[in-house]
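See structure below.
The values are calculated or read from the model by the stated rules, or taken from the named source; none is laboratory data. Being a predicted model, the structure only gives us computed values, none of them experimental. Cβ coordinates were reconstructed from backbone atoms using ideal geometry, including for glycine residues, and neighbour counts include every protein chain displayed. Ligands, DNA and RNA are excluded from the accessible area calculation, which covers all protein heavy atoms including side chains. Shrake-Rupley method; radii C 1.70, N 1.55, O 1.52, S 1.80 Å.
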Amino acid sequence: MGRLLVVDDKESIRTMLEYRLSRERHEVLQAGDVAGAQRALASGPFDVVITDLRMGKGDDGLDVLRKVKEAQPDAQVILMTAFGSDDVRVRALELGAYGYLEKSPSLAAEVVPLVRGALEKRQLAARERSLSADNEILRQELSGRSRFEGMVGSSSTMRQVFALVEKVAAARTTVLITGESGTGKELIARAVHSRSPRSDAPFIPVNCGAIPEGLIESELFGHRKGSFTGAQQDREGLFQAASEGTLFLDEIGELPLVLQVKLLRAIQERRIRPVGATDDVEVDVRLVAATNRDLPKDVREGRFREDLYYRLNVVQIRVPPLRERREDVLTIADHFLRRFAAEQGRGGLRLSSEAKRHLDAYDFPGNVRELENLMERAVALSTGNEVTLDALPSPLRRADPLASEGPLPQGFSLEAHLSAIERSLLDRALTDAHGVKKDAAARLGLTFRQFRHRMKKLAGEDGADDAEGDEPEPT
């Protein structure tokens, strides 16, 4: 869930986008012009800003973009347009826009995945900014085998990943990084770059799924003046911007087929041809690509070129999902807990034993990114010196520490486990009964007095049925 700002002079567009994005559980605010956007930005941080490129009263989406980047550098900006020139779009990308949306009948459907990608980029930028501000004590505590180029983990699977990064970093070999969303593929790409002889040269990341098909060729290879409407000057592409460094092509599986042919030629010949040029340009760049798609399946179904796949897949680094390296979960959770607690001036905050058991049992479909967001939430909701189970989201509270095979978790308590099950069932019954205790008791097959006794016991109160001051049994 993110905090979003929609800027458009047409109320119908703002309302439609707010309705669609609110269904994705985002908090959405509106502004009708640049001045309104400035006031909204002053009200607090935003994760993503969606702005029209051209509005009434001379307002310009590029002005919104500049003000967002000045006030909130980590916020991602998506521009909407029905008629902007390619040159203006390229200028927006140069100023730091995350991507573009065409105003079309499918706008409401297309905005959802683009916002999702922008949120992922926002979280990565915030993570890198926070890591750079870590204090020296934390750096020392997390150094050694459990830490590698900003990544935390000492499981055998991650040690294998780190070892493979070390081996391939020194070569010019093309690397393909695969793994589910949220596993840290860009961090692996940055590790390959920082451990390589090219570490002093640029690392240029580009999200192939965030750039419109009509712009991506110019974005990658550059263009010559007059090569298309709006191309008012020569412009270098990202291949040249990454000269002697590393070009990271994220979401490579989203690259259109026609561009796949040109990328293949660039890899094979180490030469590119800018849009509108007649001569090739030599490039010296290390290519690293990443995807969460099943590229072999895409090859079989004709969505991805087989020859390009083999050119990219010289060395493949698979980043395992968090559920395949459960022994890292508590180490990573503790890392994020310390970081967010330090940011909020709450040093010494720790995880309770019960919270640890449920973290161990949860599958984390969103992987490390989900764990990071979860720990930030837990720090915000915790009131004492411990993060208890109540501060964790309901899917994690429902995770059963005994569901997986193998030995009982270390520190397991049968009483605590049974109490957690009982508390969960009582809460569910109350929710289903809309807070009416008599109805909740009936749903559980209990009398009202039995239900009240169990509620008091779990709350740490006197559970005697004849205690003075008991509320009367409803009739």
* Asked: Given the conditions (1) modelled with pLDDT of 90 or more; (2) surrounded by fewer than 20 Cβ atoms within 10 Å (Cβ to Cβ); (3) touching a strand residue (DSSP E or B) at 6+ places or on another chain (Cβ under 9 Å), which single one is not true for G184?
  -> (2)
* Asked: Which one is most open to solvent (accessible area, probe 1.4 Å) among residues in segment 274-286 that are under 35 Å from the mean Cα position of the chain (by Cα) and at pLDDT below 90?
  -> V275
* In this structure, does R198 turn out to be under 16 Å from D284 (Cα atoms), in contact with a Ser or Thr (Cβ under 9 Å, 6 or more places away or on another chain) and among the charged types (D, E, K, R)? -> yes
* Quick one: is D307 acidic (D, E), in a loop (DSSP other than H, G, I, E, B) and within 16 Å of V175 (Cα to Cα)? -> no
* Structure fact -> Checked L4, L41 against criteria (farther than 20 Å from E120 by Cβ and crowded, with 20+ Cβ neighbours inside 10 Å); the one match is L41
* To do: Answer with yes or no whether E18 is under 19 Å from R116 (Cα atoms), out of contact with any Gly (no Cβ under 6 Å at 6 or more places or on another chain) and in contact (Cβ under 8 Å) with a residue 40 or more places away in the chain.
  => no
* Structure fact -> Within segment 289-341, residues under 15 Å from G179 (Cα atoms), in contact (Cβ under 8 Å) with a residue 40 or more places away in the chain and acidic (D, E) come out as E324
* Asked: Residue check: is R91 part of a helix (DSSP H, G or I), at pLDDT 80 or above and open to solvent by 30 Å² or more (accessible area, probe 1.4 Å)?
  -> no
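Pick from A342, A333, A290: which is at pLDDT below 90 and crowded, with 17+ Cβ neighbours inside 10 Å?
A342
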* Within segment 206-214, is even one residue under 19 Å from R273 (Cα atoms), assigned to a helix (DSSP H, G or I) and within 27 Å of the chain's Cα centre (by Cα)? -> yes
* **Of all residues in segment 67-87 being crowded, with 16+ Cβ neighbours inside 10 Å and over 26 Å from the mean Cα position of the chain (by Cα), the one that is modelled with the lowest pLDDT** => G84
* To do: Tell me, yes or no, whether segment 296-307 has at least one residue that is under 30 Å from E372 (Cα atoms), more than 20 Å from the chain's Cα centre (by Cα) and of a type outside the set (V, I, T).
  => no
* Output the residues belonging to segment 426-437 that are part of a helix (DSSP H, G or I) and either open to solvent by 80 Å² or more (accessible area, probe 1.4 Å) or charged (D, E, K, R) (or both). => D427, R428, T431, D432, K437
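I'm checking my understanding of the structure. Among residues of segment 358-399 that are assigned to a helix (DSSP H, G or I) and among the polar types (S, T, N, Q), which one is least open to solvent (accessible area, probe 1.4 Å)?
Here the residue is N367.
Table: residues versus (1) farther than 30 Å from T331 by Cβ; (2) at pLDDT below 80; (3) open to solvent by less than 20 Å² (accessible area, probe 1.4 Å); (4) not in a helix (DSSP H, G or I).
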{"site": "A97", "(1), (2), (3), (4)": "yes, no, yes, yes"}
{"site": "A109", "(1), (2), (3), (4)": "yes, no, no, no"}
{"site": "P113", "(1), (2), (3), (4)": "yes, no, no, no"}
{"site": "A126", "(1), (2), (3), (4)": "no, yes, no, no"}
{"site": "L138", "(1), (2), (3), (4)": "no, yes, yes, no"}
* Subset of segment 163-179 (residues that are buried (at least 16 other Cβ atoms within 10 Å of the Cβ) and either among the charged types (D, E, K, R) or at positive phi (or both)) -> G179
* Picking from A266, A242, which residue would you name as being in contact with a Pro (Cβ under 9 Å, 6 or more places away or on another chain), aliphatic (A, V, I, L, M), open to solvent by less than 40 Å² (accessible area, probe 1.4 Å) and in contact (Cβ under 8 Å) with a residue 40 or more places away in the chain? -> A242
